[in-house]
Amino acid sequence: MRPFWKFLLCGLVLLLAAMPAQAAPFYVLAISWQPAFCEMSPRKRECRSQTADRADAGQFSLHGLWPQPSSRQYCNVDRAVREASNAGQWQDIPVLELSMRTRETLERLMPGSQSYLDRHEWAKHGTCYPVANPEIYFRDSLRLLQAINESGLAQLMRDNIGRRLSASEIRAQFDKAFGEGAGERVRVACRDDGKRRLITELTIGLKGDIPGGAPVSQLILAAPLTGRGCPDGIVDPVGRQ
């Protein structure tokens, strides 16, 4: 007869084997075409100072990295901070503790930080990141953004400034850079500016271990499929059109 502890051990092994594996975390990365944003919000500080030779004139800028589901927000955030964030009083959110290197990169690649967008994004979304630390949250977000800009996407946008670009062309660039099917995880957002329809933002599904440094191609291809969103739009140049 087997010792009793062996029966318990066998039972535990069978129980663990029957349990479903923990699902990998799912995120949405939102990246903005800043010239189009500034058409809609020209009085924003970052829009008043925008120039044709600034980084955000020819590549996507960071909007945010959003843990999913979308209801997962403001994790362990003080009520006063949450209220300030929701009210758009982002200057009242405490200053984030970031290294000089991360702060400088953020100011270049997230121009909205001039209007304290970084504080809002941290309070609303970053506090729900697996590593609840603003330095790691923004460092990881910037890594993802830079990999996507350097994939040929920013060049595609620059080559079409002032012209109409389709969602199919954008998605095809993701397929080329990150693997067949990557484009089906990308959604294009547009807004009307008079008679023009402008590409304003891309949202990209990601699934996996971002803090652990998983490759962007792996993260995109593991994410659920999404609709294409806006079928096409103009790539807006810097300045009011």
What distance in nm lies between label points placed 7 Å from Cα along the C-beta direction at residue 176 and residue 103?
3.9 nm
Of 206, 225, 190, which is farthest along the charge dipole of the stretch 190-241 in the positive direction, counting Lys and Arg as +1 and Asp and Glu as -1 at C-beta?
190
Determine which residues of the stretch 128-159 fall in the zone a paramagnetic label at residue 82 would reach in this model, i.e. backbone nitrogen under 12 Å from the point 7 Å along Cα→Cβ.
none
Using Cα pairs closer than 8 Å and at least 6 residues apart in sequence, work out the relative contact order for the stretch 128-241, in percent.
30 percent
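Express the relative contact order of the stretch 62-197 as a whole percentage, based on alpha carbon pairs under 8 Å and six or more residues apart in sequence. Walk me through the numbers on the way to the answer.
Values: 118 pairs, mean separation 32.1, N = 136.
Reported as a whole number, the value is 24 percent.
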Extension gain residue 54-residue 72, at 0.36 nm per residue separation less the Cα-Cα distance, in nm?
3.1 nm
At 20 °C and 1.002 mPa s, grab the translational diffusion coefficient of the chain from Stokes-Einstein with a Kirkwood Rh over Cα pairs, rounded to a whole number in µm² per second.
111 µm²/s
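Work out the length of the dipole vector of the stretch 20-81 about its Cα centre, built from +1 on the beta-carbon of each Lys and Arg and -1 on the beta-carbon of each Asp and Glu, and round it to the nearest 20 debye. Present the calculation step by step, with values, prior to reporting the outcome.
Working: 7 positive and 5 negative charges, 43 e Å.
With only Lys, Arg, Asp and Glu charged at Cβ, the dipole is about 200 debye.
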Return the FRET efficiency for the residue pair residue 209, residue 240: r is the Cβ-Cβ distance, R0 is 41 Å, and the value is rounded to the nearest 0.05.
0.45
Under the span-like rule (Cα at least 18 Å along the axis, Kyte-Doolittle mean at least 0.5), DSSP H helices of the chain
4-18
Let's test the formula: R0 of 41 Å, r as the Cβ-Cβ distance of residue 24 and residue 89. What FRET efficiency results, to the nearest 0.05?
0.70
Mind putting a number on the dipole of the chain about its Cα centre? Charges go on the C-beta only, +1 for Lys and Arg and -1 for Asp and Glu, and I need it in Debye to the nearest 20.
340 debye
In whole Å, what is the distance between the alpha-carbon centres of the stretch 141-192 and the stretch 205-226?
16 Å
Report, in cubic angstrom per residue, the convex hull volume of the C-alpha atoms of the stretch 109-161.
87 Å³
Excluding residues fewer than 8 places away in the same chain, name every one of the aspartates and glutamates whose C-alpha is closer than 19 Å to that of residue 207.
140, 175, 180, 184
What value, in deg cm²/dmol to 500, does the helix sum -39500 (n - 2.57) over DSSP H runs of n ≥ 4 give at 222 nm once divided by the residues of the chain?
-10500 deg cm²/dmol
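Bear in mind these aren't lab numbers, they're just calculated from the coordinates by the rules spelled out. Everything quoted here is computed from the prediction, not taken from an experiment. Note: ideal-geometry Cβ built from the backbone for every residue, glycine included; neighbour counts use all protein chains shown.
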